[in-house]
Amino acid sequence: MMVSVCVVAVAALVYFACGFAWQGYIGRPAHVLTIAGKAWDWIAKEPLFFRGLRLDGSPGSLAAWLQMLSVGLAALIPLGSGADRWRLPAICASTSLLAGFTYPLFAHWVWGGGWLAQLGANYGLGRGFVDAGGSSSIHSVGGLTALSIAWILGPRHGKYSRDGMPAAIPGHNAVLVLLGCALAVVGWLGLNCAGAVLFTGLTADGLVLVGVNTTLSAAVAALAAVMITRMRFGKPDASLVANGWVGGLVASSAACTSVTPAAALVIGLVAGVLVPLSVEMLEVRLSLDDPAGAVSVHAVGGIWGMLAVGLFAHFPEPARGQWLAQVVGIATLLGFVLPLTYGLNWLLNRFVRQRVPLEGERLGMDVYELGATAYPEFVTHTEDFMPR
């Protein structure tokens with residue numbers, strides 16, 4: 001929990017210092033290149049530290065405020081894949097890279113009027129790359145960073161036997177996991193609605209559709225995960241159902257403004273099936289130790305959500321080629337953002353060791369990193385501390 005607080009704090013400060021300078025907002029200053037007679041917007045040209053940004057409730061200022069939170073959400077995602085072995089100093093340094101460069105660069109391309117958003121105007125690909133609530137900018141960027149961290153750190157000691165079979169290392173408290181997933185819906189409704197208004201121009205009368213689609217996608221994804229895990233293991237698995245639930249929320253974000261409720265059900269259904277199967281495949285087949293399923297929930301779920309826009313979205317005007325614009329965005333994430341975030345964290349590992357030593361895993365991260373246990377009620381005190 002303390003690491004989460006530190007991540008959100010570091011992300012907000014770094015984004016304030018330089019992140020918004022690279023991300024910007026639609027219509028604000030940016031570096032534009034002219035290629036083959038077409039203007040392509042590559043990166044924002046804002047002053048550092050929000051200088052020149054009037055915090056007066058204008059769309060640009062509201063977007064900056066929203067992104068201070070959104071970049072923290074993206075930075076929280078890799079914590080799940082690096083759990084039990086990722087050092088606090090390295091987490092803060094990695095968060096700085098994400099909030100200061102990786103996230104704002106891609107978010108500018110999608111939400112700041114960048115070249116992905118211009119695919120429609122420049123090449124006639126629908127409305128350009130569309131992502132209303134952050135399936136790409138928040139979840140896929142965070143999920144691909146989580147994948148990079150899991151690769152760099154390697155699996156926890158004892159996770160895999162000599163023959164490569166994974167051992168079950170259950171979480172501490174399934175009740176808290178499910179409670180967190182339930183609370184996530186409340187935040188997700190606000191995030192999807194805010195993103196839809198600021199980045200797609202949605203008016204207030206369209207927010208009901210956003211809320212309905214978000215809720216339906218999560219609901220059917222959870223039930224799909226129940227059925228899949230019952231078929232696979234004989235009984236529903238609470239942890240994987242939680243992953244399916246959040247995966248449905250992730251998948252809903254990109255298309256929440258542009259699909260019918262029936263399509264939202266299909267999006268959630270696919271996510272609820274895809275996420276648990278992805279968790280199993282990554283763990284068993286690819287030996288990827290991702291304790292929270294962050295890669296499957298956020299990267300896989302986010303990619304499906306982006307693709308769903310091209311398959312199911314309906315816009316007021318014809319949008320031929322929308323599916324190709326979405327594929328270009330997905331290819332950019334896999335072909336550019338993933339190598340970038342992996343390379344940055346690989347270099348960071350050369351200067352700031354990311355993984356705790358074996359002793360840290362043996363003692364537990366609370367004791368090793370913070371010098372205190374998280375559960376003092378289980379400590380047996382000596383007679384020196386007993387009342388006389």
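Relative to its Kirkwood radius, the Cα radius of gyration of the range 126-180 gives an Rg/Rh of 1.16.
Rounded to the nearest 20 debye, what is the charge dipole size of the chain about its Cα centre when +1 sits on each Lys and Arg Cβ and -1 on each Asp and Glu Cβ?
My answer is approximately 640 debye.
For the range 34-73, pairs of C-alpha atoms spaced more than 12 angstrom apart make up 69 percent of the total.
With Cα atoms defining each centre, the range 59-104 and the range 126-184 are spaced 14 Å apart in the structure.
Please report, largest first and rounded to whole Å, the three semi-axes of the ellipsoid equivalent to the range 1-86, where each semi-axis is the square root of five times an eigenvalue of the C-alpha gyration tensor. Don't skip to the end; give the middle numbers.
On the way: eigenvalues 172, 59, 19 Å².
Gyration-tensor ellipsoid for the range 1-86: 29, 17, 10 Å.
Normalised per residue, the accessible area of the range 244-366 is 42 Å², obtained with a 1.4 Å probe and no contribution from ligands, DNA or RNA.
For the range 1-157, the per residue solvent-accessible surface stands at 37 Å², with DNA, RNA and ligands left out and a 1.4 Å probe. Estimated at the nearest 10 Å², the accessible area of Lys235 is 150 Å² with a 1.4 Å probe.
Element breakdown for the range 184-238 at a 1.4 angstrom probe: carbon and sulfur atoms account for 73% of the accessible area. Average projection, convex hull of the Cα set of the range 138-271: 9.6 square nanometres. Spin-label model, Leu176/Leu363: points 7 Å from Cα along the beta carbon direction are separated by 2.0 nm. Under 5 Å between amide hydrogens, built in the peptide plane, is the criterion, and for Trp40 it picks out Leu33, Thr34, Ile35 among residues at least 5 positions away or on other chains.
Take the Cα radius of gyration of the range 172-231 and divide it by 2.2 N^0.38 Å, with N its residue count; two decimals is plenty.
Relative to the 2.2 N^0.38 Å estimate, the range 172-231 comes out at 1.38.
Element breakdown for the range 66-182 at a 1.4 angstrom probe: carbon and sulfur atoms account for 66% of the accessible area. Match the structure shown to one of the listed values (i) 36, 25, 20; (ii) 36, 21, 19; (iii) 90, 24, 16 of semi-axes √(5λ) of the Cα gyration tensor in Å, computed from it, and give that label. Evaluating semi-axes √(5λ) of the Cα gyration tensor in Å on these atoms matches (i).
Give me the percent of the accessible area of the range 239-388 that comes from carbon and sulfur atoms, probe 1.4 Å, all protein chains in place. Answer for the range 239-388 is 66 percent, counting heavy atoms of protein chains only. Placing dummy labels 7 Å off each Cα toward the beta-carbon, the span from Leu370 to Lys235 is 3.1 nm. Given their separation in residues at 0.36 nm each and the Cα-Cα distance between them, Trp151 and Phe312 gain 54.6 nm when the chain is fully extended. Here's the picture: a label point sits 7 Å out from the Cα of Leu286 along the beta-carbon direction, and within the range 65-89 the residues with their amide nitrogen under 14 Å of it are 81.
Rounded if a/c is under 1.5, else prolate if a/b is larger than b/c, else oblate: which is the range 196-265, with a ≥ b ≥ c the root eigenvalues of its Cα gyration tensor? Prolate is the answer for the range 196-265, as a/c is 1.5 or above and a/b outweighs b/c.
The values are calculated or read from the model by the stated rules, or taken from the named source; none is laboratory data. Nothing here was measured: the structure is a model prediction, and the numbers come from that model. Cβ atoms come from the backbone with ideal geometry, glycine included; neighbour counts cover every protein chain shown. Each accessible area value is taken on the protein alone, full model and side chains, heavy atoms only, with ligands, DNA and RNA left out. Shrake-Rupley method; radii C 1.70, N 1.55, O 1.52, S 1.80 Å.
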